[in-house]
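Structure, as structure tokens:
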Amino acid sequence: MTMKDASGYDAPASNAFAVTPNDSSNLTHAARALFVGSGGDVKVDTLGGDTVTFTGVASGFVLPVRILKVYATGTTASSIVSVY
């Protein structure tokens with residue numbers, strides 16, 4: 001059986017990696033969403049160019065936002081996973 005890559009904007013993510021928040025480096029791939037394993041604040045740069053802090057993100061929540069960077073400074077959440 002041949003697998004078809006579903007890469008459109010409405011397709012689910014096909015890859016994931018653990019995020020190490022970093023103030024100077026972007027993620028290796030722009031995220032379609034972030035899974036937050038342990039809740040707290042998450043400061044990010046969005047694909048659209050905004051810098052924003054999501055405050056009080058609950059453990060187990062998925063942030064459905066295209067993200068380029070997760071900052072160390074301003075992020076208190078942990079066990080973050082990027083899906084793309």
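Readers should treat all values here as calculations from the given coordinates under stated rules, not as data from a laboratory. Owing to the predicted nature of the structure, the values given are computational and were not obtained by experimental measurement. Every residue, glycine among them, receives a Cβ derived from its backbone with ideal geometry; neighbour counts consider all protein chains shown.
Rounded to the nearest angstrom and listed largest first, the equivalent-ellipsoid semi-axes of the chain from its Cα gyration tensor are 23, 14, 11.
Mean-square fluctuations from a GNM of the chain, with a 10 angstrom spring cutoff on Cα atoms, peak among 11, 30, 72 at 11. For the range 30-47, backbone phi angles converted through the Karplus equation (6.51, -1.76, 1.60; θ = phi - 60°) give residue-by-residue couplings of 4, 7, 7, 6, 10, 9, 10, x, 10, x, x, 8, 9, 9, 9, 9, 7, 4 Hz, Gly and Pro being listed as x. With 0.36 nm allotted per residue and the present C-alpha distance subtracted, the residue 41-residue 76 stretch has 12.1 nm of extension available. Between residue 63 and residue 50, the simple label model (points 7 Å from Cα in the Cβ direction) yields a spacing of 1.2 nm.
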